[in-house]
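The block underneath contains the structure these notes are about, expressed in structure tokens.
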Amino acid sequence: MEITPFVRRPGVGREGRPIKVRTNFFEVITMPENNIIHYDVSITPEVPPRLNMKIFESFVNQYRERALGNARPVFDGRKNMLAHKLLPFGDAATFNVTLEERTPVASRRPPREFRIRIRRVGDIVMGELFQFLRARSRMTNNCQTAIMALDAIIGHKVSTLHVAVGRSFFTPEGSRSISGGAEVWQGYYQSARPTSDKMMINIDLSATAFYEGGRLVQIVAKILELRSPDDLRRGLSEREHQKVERKIRNLKIRVNHRAEARTSSKIERLTQTPASRTMFEKDGNTIDVATYFQTTYNMRLIYPFLPCVIVRRNVFLPLEVCDVIPGQRHMRKLDGKQVDEMMNFTRQNPTLRANKIRAGLNILDYRNDEYMQQFGVRVSNEMAMVDGRILPTPTIHYHPSSRDNRIQPAGGVWNLRDKKVATGATLGSWCVLAFLSPDVLPDHDINAFVRELANTCQDTGMNIPNKNPPILHANPQGNIEESLKQAWLRAGNSAKAQPQLILCILPNTGQPLYAEIKRVSDTVIGVATQCVQNRYIRQTKKQYCANVCLKINVKLGGMNSFIDPTQIPFISDRPTILMGADVTPPAPGPGSDERPSIAAVTASVDAKASRYAASIRIQRGRTEIIADLANMVKELLKAFYQTCGRKPERILFYRDGISESQFGSIITTEIAAIKAACQALDANYKPTITFVVVQKRHHTRFFPIDSRDADRTGNCPPGTVIETVITHPFEFDFYLQSHAGLLGTSRPAHYYVLYDDNGFNPDMLQTLSYNLCYIYARCTRSVSLVPPVYYAHLVTNRAKLHARGGPFSDTGSEEGGGAAVTFGVVKPELQRVMYFA
């Protein structure tokens, strides 16, 4: 019997040095032996999942002895209720539930009434899941429901005690304030995962942002990055007013000037006028808010010059009488500074992370969970120990004239000293465009940097006949398109040749200027640009110039390095094309449903798989499947043929951004589209295809047991591969940590083979994927993803910057819903080179 539509694991690999690691998976020691009874739950009126849990708790407390026969059913907060036995009420019943408000007695609202309708769906046959885990049957709907049931059983109690978001729960203990009136809460993620012969629970640290609780006026000061509310005495400018209103809209608050009034309200917007001039009708008279508070509550406002919040129509509250209710998730996109602060909070070395995961087990407290006990579920308190291997490091080739032309890097890191790029491009026609005035950045400073950059490029194997390009200055707030066109003309006129590059010097790391430079250069002019930061100009470092040189070389069609052909026989033996694909959905937030997604496919265009071309499509938002994949693949197959003079006989396609639930539709759509692209070029053209999904959005982490098997950051070394114990019971998947740790705990990539005409065995695919991670063009380090996928990421991120007239890119407004967005098309002369590097 065929037990999978995908690829079965063709044995296990042998290549590399053995290693033992701990991983954040915990074995489920005992499972429910009997069937689990599955019920469908509907609660009216409809409320958010977090309130659903409270209503369900009240239901169990009110009906446990009678209707539930002393059972403790579990609930997933949405539709599914699970019980370890048949419940006395039969196949269906409706219950009235009273939800008491947990607020002080003086202000208690009348209890709210809800109706719960429960209907028996059927039995979850646990024996079917056991058969699947033992590789004796395929993944059925019943197996998926059984895994969902296990998630609900382990998650029920903790989600009634803490703030739950998806499979994570969060606690304010140890939270840290970040800028903008937000704070980061530590949390824990838990998920039931099927593995060979057993279920495991994957437990990891998690973190998310919440709004800080407390005085609203304090939060407003933090949003505006002021030291204290006293700095608000000048009032709010129009821009500050808009920013504050955008950030606090829909926040829940309570008033603090009346002890008896503790009900919550939701902020709708801010008044345009300050409290001292916001008027309303009271007993037939018109009165301003500040005067009203003075006469009614004998309360003189400290901030009468600030606007009021409007919570209901014509209900105005001064900022200082409002307290933000703690525990509200920060649903808006975090800004760059907040993201950096959050990353600093979550970044923990492997030892600390492992200790915190163990501490999380105490909070989860599986051993004393009465719901788990009732279902007969027990989970080990020990991290799983797994056998892995460290794959051998590949040999990287540079130009034969280099003093150091063949290297085998130690620890996944090397440098360009004594090395020349494999194929150096020629840069003759170029121009420098500084977005700073000559007073701030004089030409002699620019000349010194350009001289160092040109010399470094020359030393690393590029040909720079023109070391004195013209220098122009431009206003960063001015007409960027016109400035770039002027630079393009100056470059061409100066060298009497087609302009090749504009070197742009930026005043800061701000996104809008960078985005506009890339939009104009990629889609309007059709010239490569290289942006450098002003802070690196005056203190020129050789290493910085070398990194810039790597990018410039591939943007002009050069090749930086390649892997020894004997170590990548799959690519070197026969014409083979590597492809990488990614889809970037629109950022979450208001109007995101109307915004498009961006799909990108990159493909190698040379026999060494070092140089790449790209294809981009804009498609309907929230669509993960690439709609026009057949035409994109066709474009890239043509690019390979035009460069190499031969059709690829093999296609190795790496696909990012796909969850396991979408694997089935990928088989029927994208793999079919690749085949259709080949047939469209030639009815007899049938290259062999291997399709591998690459996942980085997962919670698997590895912790070396022996310090001799760790790198200097405490992580597993590059080349660590794991393919047993925590992988699929019988399908072809593996984890590969291909990069050297920098900060925190490294996240391995999860490779999952969905389709394979090429007959890969584990050693072949694991070694090839690992070796490719050493020829990412932008740096001298092994990277965490195979380059085709990494480049597809770069291309989708670059394509965001090609938008005009809409808020899709980060440069747009946060609120600007469905404005028409148009995307420029990358000029043909750039499409065949790595303009995105």
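The values are calculated or read from the model by the stated rules, or taken from the named source; none is laboratory data. Quick caveat: nothing in here was measured; it's all calculated off a predicted structure. Neighbour counts run over all protein chains shown; Cβ positions are idealised from the backbone, glycine included.
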Task: Residues of the stretch 311-340 satisfying the condition of being under 25 Å from A209 (Cβ atoms), among the β-branched types (V, I, T) and touching a residue at least 40 places away in the same chain (Cβ under 8 Å) - done: V311, V324, I325
Open item on the list: Given the options P350, P318, name the one that is crowded, with 20+ Cβ neighbours inside 10 Å, at negative phi and not assigned by TED's automatic domain parsing to the domain that holds L306.
Closed with: P350
Open item on the list: Which count do you get for residues in the stretch 538-571 that are β-branched (V, I, T), over 30 Å from the mean Cα position of the chain (by Cα) and buried (at least 19 other Cβ atoms within 10 Å of the Cβ)?
Closed with: 2
- [ ] May I ask you to verify whether T509 is more than 17 Å from A454 (Cα to Cα), touching a Lys or Arg at 6+ places or on another chain (Cβ under 8 Å) and surrounded by fewer than 20 Cβ atoms within 10 Å (Cβ to Cβ)?
- [x] no
- [ ] Return the pairs, sorted by first residue and then second, in which the second residue is surrounded by fewer than 17 Cβ atoms within 10 Å (Cβ to Cβ) and not small (G, A, S), the first residue lies in the stretch 4-18 and is on the phi > 0 side of the Ramachandran plot, the beta carbons are less than 7 Å apart, and the residues are 6+ apart or on different chains.
- [x] G11/N761; G16/P392
- [ ] Filter the stretch 574-605 down to the residues that are at pLDDT 95 or above and surrounded by fewer than 18 Cβ atoms within 10 Å (Cβ to Cβ), then identify the one that is farthest from I626 (Cα to Cα).
- [x] R574
Open item on the list: Considering only the stretch 7-17, I want to know if a residue exists there that is touching a His at 6+ places or on another chain (Cβ under 8 Å) and either surrounded by 13 or more Cβ atoms within 10 Å (Cβ to Cβ) or part of a strand (DSSP E or B) (or both).
Closed with: yes
Task: Output for the stretch 18-58, where each listed residue is in a loop (DSSP other than H, G, I, E, B), farther than 23 Å from D91 by Cβ and at pLDDT 95 or above - done: N24, M31
Open item on the list: Can you find a residue that is part of a strand (DSSP E or B), surrounded by fewer than 21 Cβ atoms within 10 Å (Cβ to Cβ) and of a type in the set (G, A, S) anywhere in the stretch 137-157?
Closed with: no
TODO: Could you identify the single residue in I671, I667, I689 that is closer than 21 Å to R8 by Cα and part of a strand (DSSP E or B)?
DONE: I689
Task: Residue check, N508 closer than 30 Å to P400 by Cα and modelled with pLDDT under 95 - done: no
Task: Only listed residue being touching an Asp or Glu at 6+ places or on another chain (Cβ under 7 Å) and either assigned to a helix (DSSP H, G or I) or among the aromatic types (F, W, Y) (or both), chosen from I363, I357 - done: I357
Open item on the list: Just the residues that are of a type in the set (V, I, T) and in contact with a strand residue (DSSP E or B) (Cβ under 8 Å, 6 or more places away or on another chain), please, taken from the stretch 48-85.
Closed with: I55, V74
TODO: Mind telling me which of the residues R519, R490 ends up being of a type in the set (K, R), more than 27 Å from C779 (Cβ to Cβ) and surrounded by 15 or more Cβ atoms within 10 Å (Cβ to Cβ)?
DONE: R490
Open item on the list: Please count how many residues of the stretch 293-315 are on the phi < 0 side of the Ramachandran plot and outside any strand (DSSP E or B).
Closed with: 14
Task: Single residue of the stretch 162-176 satisfying the filter (of a type in the set (D, E, K, R) and in a strand (DSSP E or B)) that is surrounded by the most Cβ atoms within 10 Å (Cβ to Cβ) - done: R176
Task: Single unsatisfied condition, N447 versus (1) under 24 Å from A528 (Cα atoms); (2) in contact with a Phe, Trp or Tyr (Cβ under 6 Å, 6 or more places away or on another chain); (3) of a type in the set (S, T, N, Q) - done: (2)
Open item on the list: Tell me yes or no: at least one residue of the stretch 461-479 is within 38 Å of the chain's Cα centre (by Cα) and β-branched (V, I, T).
Closed with: no
Open item on the list: Can you tell me which of (1) within 22 Å of D564 (Cβ to Cβ); (2) without any contact (Cβ under 8 Å) to a residue 24 or more places away in the chain is the one S782 doesn't meet?
Closed with: (2)
- [ ] Identify the residue in the stretch 391-429 that is part of a strand (DSSP E or B) and in contact (Cβ under 8 Å) with a residue 60 or more places away in the chain and, among all such residues, is nearest to the chain's Cα centre (by Cα).
- [x] V413
TODO: Identify, by number, the condition in (1) free of Cβ contacts under 8 Å to residues at least 12 places away in the same chain; (2) small (G, A, S); (3) farther than 17 Å from Q272 by Cβ that S237 doesn't meet.
DONE: (3)
TODO: Among residues belonging to the stretch 188-216 that are of a type in the set (A, V, I, L, M), out of contact with any Cys (no Cβ under 8 Å at 6 or more places or on another chain) and crowded, with 20+ Cβ neighbours inside 10 Å, point out the one that is nearest to R254 (Cα to Cα).
DONE: A209
- [ ] Check S196, S191, S177 and return the single one that is of a type in the set (S, T, N, Q) and within 19 Å of the chain's Cα centre (by Cα).
- [x] S191
Open item on the list: Given the condition surrounded by 15 or more Cβ atoms within 10 Å (Cβ to Cβ) and either free of Cβ contacts under 8 Å to residues at least 12 places away in the same chain or of a type in the set (D, E) (or both), answer yes or no: does some residue in the stretch 298-307 qualify?
Closed with: no
